[in-house]
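As structure tokens, the structure follows; a few thoughts come after it.
The values are calculated or read from the model by the stated rules, or taken from the named source; none is laboratory data. Every value quoted in this text rests on a predicted model; they were computed, and no experiment measured them. Here the Cβ positions follow ideal geometry from the backbone for every residue, glycine too, while neighbour counts run over all protein chains shown.
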Amino acid sequence: MLLLLALSLFFINVGVDHFINPDFYLNIMPDYLPFHAEAVYLSGFFEILGGIVVLIPKLRALARWGLISLLIAVFPANIYMAMNPNLFPEFSLELLYFRLPLQFVFIFWVLKATEMVRD
């Protein structure tokens, strides 16, 4: 249950950060994607929603797949950052590359945290 609570707080915190610090998220949006501001706020909203809904047993499976889908959907931003390190001088190249497999760790975390607690 502790793993699930940590997951919930993580997604709520990151989601809220999309509204508090939108410029960071706007800057990491790949140029080829449209509606940058809308995408940032929408992803923040769904991170908050997923962080809350994951705590509701009857909706946990829905939250599980929603959060995994969200993690996959935002992955292009991580790729964009790694492929354009000159646009993000505040981050080391190692950190930009480290973020790529970290996304799969987050997916695994969602799977494990939501499967450990019986629906």
The helices (runs of 4 or more DSSP H) lying entirely within the range 1-76 that contain at least 1 residues which are in contact (Cβ under 8 Å) with a residue 24 or more places away in the chain and among the acidic types (D, E) are 2-20, 36-53
Within the range 75-102, take every residue that is farther than 15 Å from F24 by Cα and among the charged types (D, E, K, R) and give me the one that is surrounded by the most Cβ atoms within 10 Å (Cβ to Cβ). R99
Pair list, Cβ under 6 Å, 6 or more apart: the range 86-100 residue touching a residue at least 60 places away in the same chain (Cβ under 8 Å) and in a loop (DSSP other than H, G, I, E, B), other residue surrounded by 10 or more Cβ atoms within 10 Å (Cβ to Cβ) and hydrophobic (A, V, I, L, M, F, W, C): F88/M81
Quick check: is even one residue across the range 96-107 in contact with a Gly (Cβ under 9 Å, 6 or more places away or on another chain) and either closer than 22 Å to G44 by Cβ or at pLDDT below 95 (or both)? no
Count of the range 29-47 residues which are buried (at least 18 other Cβ atoms within 10 Å of the Cβ) and among the hydrophobic types (A, V, I, L, M, F, W, C): 4
If you check I12 against the conditions, is it touching a helix residue (DSSP H, G or I) at 6+ places or on another chain (Cβ under 7 Å) and among the β-branched types (V, I, T)? yes
